[in-house]
1. Yes or no: H23 out of contact with any Asp or Glu (no Cβ under 7 Å at 6 or more places or on another chain), within 28 Å of F136 (Cα to Cα), in a loop (DSSP other than H, G, I, E, B) and within 12 Å of the ligand (Cβ to nearest atom)?
2. Search segment 124-136 for residues that are touching a residue at least 40 places away in the same chain (Cβ under 8 Å) and under 17 Å from S13 (Cα atoms) and pair each with any residue that is within 10 Å of the ligand (Cβ to nearest atom) and of a type in the set (F, W, Y) when their beta-carbon atoms are under 9 Å apart and the residues are at least 6 apart or on different chains.
3. Mind checking which residues of segment 4-37 are small (G, A, S) and buried (at least 19 other Cβ atoms within 10 Å of the Cβ)?
4. Please name all residue pairs, on different chains or six or more residues apart, with Cβ atoms under 7 Å, provided the first residue is in segment 48-59 and is near the ligand (Cβ under 8 Å from one of its atoms) and the second residue is part of a strand (DSSP E or B).
5. Say we look at segment 159-192 and pick out the residues that are touching a Gly at 6+ places or on another chain (Cβ under 9 Å) and buried (at least 21 other Cβ atoms within 10 Å of the Cβ); which of these is nearest to P228 (Cα to Cα)?
Amino acid sequence: MQPKYKRVLLKLSGESLAGDAGHGIDFDTVLKICRPIKTCSLMGVQIAIVVGGGNFWRGRSSGKMDRTRADHMGMLATAINALGVADALEQLGVAVRVQTAIAMQEIAEPYIRNRAVRHLEKNRIVVLGCGTGNPFFSTDTAAALRAAEIDADIILKATMVDGIYDSDPKKNPDAKKFETLTYMDVLNKDLKVMDSTAASLCRDNHIPICVFDIADPNNIEKAICGQPIGTIVKEDEVL
Ligand code: UDP
């Protein structure tokens with residue numbers, strides 16, 4: 001397999017790192033996900049990873065808490081995941097740097113766009129924690145933002161379903177899977193694949209998104225090699 005893309009932004013949800021327990025970090029699962037990432041890095045693909053935090057904490061589900069503070073906790077959760085992913089990659093012998101959008105200098109580099117790009121050019125994987133650094137945003141929006149900043153060719157959004165469906169395939173056996181969709185479809189059809197801020201940012205900056213199932217981590221390699229897996233969200237049709 002030959003890579004189709006030179007530089008990719010991989011978005012890993014917190015849930016994808018949790019394994020069967022459904023919460024926290026299952027390090028064997030993280031290692032499984034990191035092996036194909038290593039393979040792609042060895043093929044020369046430049047990879048930045050934005051990690052979610054839903055396996056520990058989601059600001060919007062925090063009930064009575066002040067939302068800003070709850071989101072700060074969510075961003076710290078993503079930092080924990082970023083360190084877990086970095087550790088797995090390092091154990092596999094991959095050069096990796098962690099950068100966080102909220103400064104924690106004893107633990108990680110601060111996110112500096114040019115520095116992140118320099119790491120990528122040196123074939124180091126950059127793991128990005130703390131989302132955008134701002135409350136009221138999601139790590140999907142962080143993925144869209146960082147992809148635009150670093151000029152990524154595509155966002156690979158690893159999820160727990162094998163693409164985007166017209167209804168929840170876990171609840172509706174007749175749910176229909178889309179091979180491709182436009183950004184407007186995602187925005188208008190309320191498909192719940194990502195929030196509208198993230199989808200609009202991708203649309204405005206012409207960044208395609210491949211939504212695929214991480215249950216088989218080899219899908220990462222397939223997606224990077226342009227094999228038809230999951231659902232591709234791309235440019236609106238020009239009429
Ligand atoms: N978060 C935030 N700003 C950001 C990104 C994340 O405040 O730019 C917080 C927010 O509380 C969110 C949590 O971090 O619920 C974890 O991120 P997310 O829900 O996107 O993780 P995922 O669902 O991908 O695991």
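1. Yes: the conditions hold for H23.
2. That search, which allows pairs on different chains as well, returns G131/F137.
3. Step one: list which residues in segment 4-37 are small (G, A, S), which gives 13-14, 16, 18-19, 21-22, 24.
Residues satisfying the conditions are S13, G14, S16, A18.
4. V51/L12; V51/V127; V51/G129; G52/L12
5. I164
To keep it simple, each residue is scored yes or no on (1) under 18 Å from the mean Cα position of the chain (by Cα); (2) more than 15 Å from the ligand (Cβ to nearest atom).
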position	(1), (2)
Q99	yes, no
I107	no, yes
N114	no, yes
V117	yes, yes
R124	yes, yes
G129	yes, no
G133	yes, no
S138	yes, no
A142	yes, no
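Taken together, the values in this text are just the output of simple stated rules run on the coordinates, not laboratory data. Worth saying up front: this structure is predicted, and the values here are computed from it rather than measured. Glycine gets a Cβ as well: all are built from the backbone with ideal geometry, and neighbour counts include every protein chain shown.
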